[in-house]
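Below: one structure, written as structure tokens.
The values are calculated or read from the model by the stated rules, or taken from the named source; none is laboratory data. The model shown is predicted, which means the values in this text are computed figures rather than measured ones. Cβ sites come from the backbone with ideal geometry, for glycine too, and all protein chains shown count toward neighbours.
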């Protein structure tokens, strides 16, 4: 077993959501060498080879794995933090045990900026997506907190070219896009 123990060192209030917590946990050994393998198996992860970090969004939670630490934000409570830690530990050990079967990925996934998305949206502020403005929708889409399918106007024939370009950009950046829209 590559990673034997991960211990929570700090539990603090979450900066993004006052009803949640954040945590910092130490890993009993350096896991830098496993990050490219994790980057291969986790869709949507953002890997920084030079910084030796991998950031994952999991069910609204934000988890960053450093060489000897895990930091988590938007965590429900301490039990939730422990479940996240166990999940990460399992992934790390899986990657170690299966190195010969996993092609490491050293590429950094692009994180789209809200303005890149904003320019391709219809710009009508119809609010059908549930957001107050199309900029608010673009921000949530860039943070993967919503789905492009919520913009109903984008899926009208009038915006077919914009839709095609936006979906292509999202897909190329590693965002989850329904297969029905991938051309």
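Go through (1) farther than 30 Å from residue 155 by Cα; (2) part of a loop (DSSP other than H, G, I, E, B); (3) modelled with pLDDT under 95 for residue 67 and report which single condition fails.
(3)
Against the condition touching a residue at least 40 places away in the same chain (Cβ under 8 Å), surrounded by 15 or more Cβ atoms within 10 Å (Cβ to Cβ) and within 28 Å of residue 1 (Cβ to Cβ), how does residue 117 come out, does it pass?
no
Yes or no, residue by residue, for (1) touching a strand residue (DSSP E or B) at 6+ places or on another chain (Cβ under 9 Å); (2) outside any loop (DSSP other than H, G, I, E, B); (3) closer than 30 Å to residue 3 by Cβ; (4) outside the structural domain of residue 161 (by TED's automatic domain parsing):
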position: 73; (1), (2), (3), (4): yes, yes, yes, yes
position: 80; (1), (2), (3), (4): yes, yes, yes, yes
position: 84; (1), (2), (3), (4): yes, yes, yes, yes
position: 90; (1), (2), (3), (4): no, yes, yes, yes
position: 107; (1), (2), (3), (4): yes, no, yes, yes
position: 126; (1), (2), (3), (4): no, no, no, no
position: 137; (1), (2), (3), (4): no, yes, no, no
position: 141; (1), (2), (3), (4): no, yes, no, no
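Within region 22-33, restricting attention to residues that are out of contact with any helix residue (DSSP H, G or I) (no Cβ under 7 Å at 6 or more places or on another chain) and within 15 Å of residue 79 (Cα to Cα), which residue is surrounded by the fewest Cβ atoms within 10 Å (Cβ to Cβ)?
The selected residue is 24.
Name the single residue that is farthest from residue 145 (Cα to Cα) among those in region 41-61 being crowded, with 17+ Cβ neighbours inside 10 Å and touching a residue at least 24 places away in the same chain (Cβ under 8 Å).
Across region 41-61, the extreme among qualifying residues is 47.
Would a scan of region 53-64 turn up a residue that is closer than 29 Å to residue 7 by Cβ and outside any strand (DSSP E or B)? Break it down stepwise before answering.
Step one: filter region 53-64 for residues closer than 29 Å to residue 7 by Cβ, giving 53-64.
Add one more test, that the residue is outside any strand (DSSP E or B), and what stays is 59-60.
Taking every residue of region 53-64 in turn, at least one turns out to be closer than 29 Å to residue 7 by Cβ and outside any strand (DSSP E or B).
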